[in-house]
Amino acid sequence: MLSTYSRSLINLTAALAALVLSPLAFAAGDAARGEVLADTCKGCHAIESYNNVYPTYHVPKVAGQNAGYLSSALTLYRDEQRKHPTMAAQASRLSDQDIADIAAYMAGTGIAPAAAAQGSLPDAGQVCSACHGETGISPIPTNPNLAGQHEDYLEQALGQYKRGERKGPNAIAMQAQITAVSDEDLAAIIAFYAAQEGLDTLPKD
């Protein structure tokens, strides 16, 4: 269980991140131009069940992801604050407008989420719903949707947060939250969000 202090820290950090990043989240993006720019992204993100290697895990689904979160993540890769050789190389030459356009395209390509949850969010995951939504569709545009994401990708990302390796505006809050949850509960939370409808691979054409 999380302490009152940890819950307050998580909620405060999420609120501040949403406030600070709101200009980025709502930056005008040209989805048509973004589709052209995202052509190289499709080499990995438009292939169903494509794997990253060393370590091996599924490349994340990005179709239907929040545009604000995509913009934030691409900016972190471009500025070498988030580490991944391929992503850093792909993002290195992108301007802020390029990033906004790509994010607008990707955000508009997902499927509509299901009206009802598949199963029940574990009790230990209720604190997650404040930032990521009851069924994994985040109410905060700068936070990622988790619904339908690959289980092993979620495990990889959360492991990086837990070890302090993954950077971003919510990294401290995420580390505090994950540390307070047992491995068994965390696995159940991941399985629940992965089973929901929402995110998808990018269309190939």
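The values are calculated or read from the model by the stated rules, or taken from the named source; none is laboratory data. Predicted model, so just to flag it, every value in this text is computed and none were measured. Backbone-built Cβ (ideal geometry, glycine too); neighbour counts: all protein chains shown. In case anyone asks, the SASA skips ligands and DNA or RNA and just uses the protein heavy atoms, side chains included. Shrake-Rupley method; radii C 1.70, N 1.55, O 1.52, S 1.80 Å.
Just a few scattered comments:
- Between the range 24-85 and the range 130-164, the alpha-carbon centres lie 15 Å apart.
- Once both labels are positioned 7 Å from their Cα atoms along Cα-to-Cβ, the gap between residue 54 and residue 182 label points is 3.8 nm.
- The chain - percent of accessible surface contributed by carbon and sulfur, probe 1.4 Å: 56 percent
- Taking every full run of DSSP H in the chain, the ones that stretch at least 24 Å from end to end by Cα along their long axis and average 0.5 or higher on the Kyte-Doolittle scale are 4-25.
- Relative packing of peptides 38-51, 117-130 - highest average C-beta neighbours within 10 Å first: 117-130, 38-51
- Between the amide H of residue 57 and those of 52, distances stay under 5 Å, these residues lying 5 or more places away or on another chain, with hydrogens modeled in the peptide plane.
- Taken about its Cα centre, the range 56-205 carries a charge dipole of roughly 440 debye when the Cβ of each Lys and Arg holds +1 and the Cβ of each Asp and Glu holds -1.
- Estimated from the Cβ-Cβ distance and a Förster radius of 45 angstrom, the FRET efficiency linking residue 39 and residue 167 is about 0.95.
- Lys pairs under 14 Å by Cα in the chain, provided they are eight or more residues apart or on distinct chains: 4
- Share of Cα-Cα pairs in the chain lying beyond 20 Å, as whole percent: 55 percent
- Peptides 167-176, 67-76 ordered by packing proxy, namely the average of other Cβ atoms within 10 Å per residue, highest first: 67-76, 167-176.
- With the convex hull drawn around the C-alpha atoms of the range 30-104, the volume per residue stands at 86 Å³.
- Pairwise alpha-carbon distances in the range 117-182 exceed 20 Å for 23% of all pairs.
- Heavy atoms of residue 53: accessible area, 1.4 Å probe, square angstrom to 10: 90 Å²
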